[in-house]
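Single-structure report; data block below.
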Amino acid sequence: MNNVKSLNKWANRHTYLPVDLLRMALGVFLFMKGVHFITNIQYLVDLMSPIDKFEGGMWGMFIVHYIAPAHMIGGILIFCGLLTRWAIIGQLPILIGAIVINFMGEMHHQNLFVALIILAACIFFLFYGSGKNSADYFFKMRQ
């Protein structure tokens, strides 16, 4: 708990508007990716086909129904800066899975690059937190 408090104090002292805009852009990107997956469910199923071969299709529908809502809800929370670390923890298995899928099946360089960039941004905000221009900071100051 002390580590999280010290990270929050450090982040609040070193908060800059471009970092908050990056967090907001990350949230918008994840939300739009979730909308894309919901509207193109067959695309998501095709992306997950390398994993589906190994698992026998048992977890396929569970994963499909986890990815899109997790991206949408997580994107909204990250955009607002509300429970940012928890929302990012929910994104990490999806992003790691996106990277692994590229190595198990056909390599899509663009998808791999995007997944690596988003994973790096999520890891950054996992440690950095929401920042001063966020709902977390607003609610903390109102106590």
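In this structure, is Ala120 crowded, with 16+ Cβ neighbours inside 10 Å, without any contact (Cβ under 8 Å) to a residue 40 or more places away in the chain, of a type in the set (A, V, I, L, M) and on the phi < 0 side of the Ramachandran plot? Here the answer is no, as Ala120 does not meet what is asked. Could you list, ordered by first residue, the pairs with Cβ atoms under 8 Å in which the first is in the range 78-104 and more than 20 Å from Ala25 (Cα to Cα) and aliphatic (A, V, I, L, M) and the second is surrounded by fewer than 17 Cβ atoms within 10 Å (Cβ to Cβ) and modelled with pLDDT under 90, at least 6 apart or interchain? Sorted first by the residue in the range 78-104, then by its partner, the pairs are Ile99/Leu112; Ile101/Pro50; Met104/Pro50; Met104/Phe54. Of the residues making up the range 92-128, those that are under 22 Å from Cys80 (Cβ atoms) and at pLDDT below 80 number 0. Would you confirm, using the coordinates I've provided, whether Gln91 is loosely packed, with under 14 Cβ neighbours inside 10 Å and polar (S, T, N, Q)? No; evaluated as a whole, the condition is false for this residue. Restricting Met32, Met72, Met58 to residues that are at pLDDT below 80 and either surrounded by 15 or more Cβ atoms within 10 Å (Cβ to Cβ) or more than 19 Å from Gly129 (Cα to Cα) (or both) narrows the list to Met58. Evaluated against (1) in a helix (DSSP H, G or I); (2) within 21 Å of Ser6 (Cβ to Cβ), Asn133 falls short on exactly one condition, (1).
Conditions: (1) out of contact with any helix residue (DSSP H, G or I) (no Cβ under 9 Å at 6 or more places or on another chain); (2) at pLDDT below 80; (3) closer than 14 Å to Tyr128 by Cα. Met1 meets all but one. Number of the miss? Here Met1 clears every test but (3).
The values are calculated or read from the model by the stated rules, or taken from the named source; none is laboratory data. Quick caveat: nothing in here was measured; it's all calculated off a predicted structure. Heads up, the Cβs are rebuilt from the backbone with ideal geometry, glycines too, and the neighbour counts pull from every protein chain shown.
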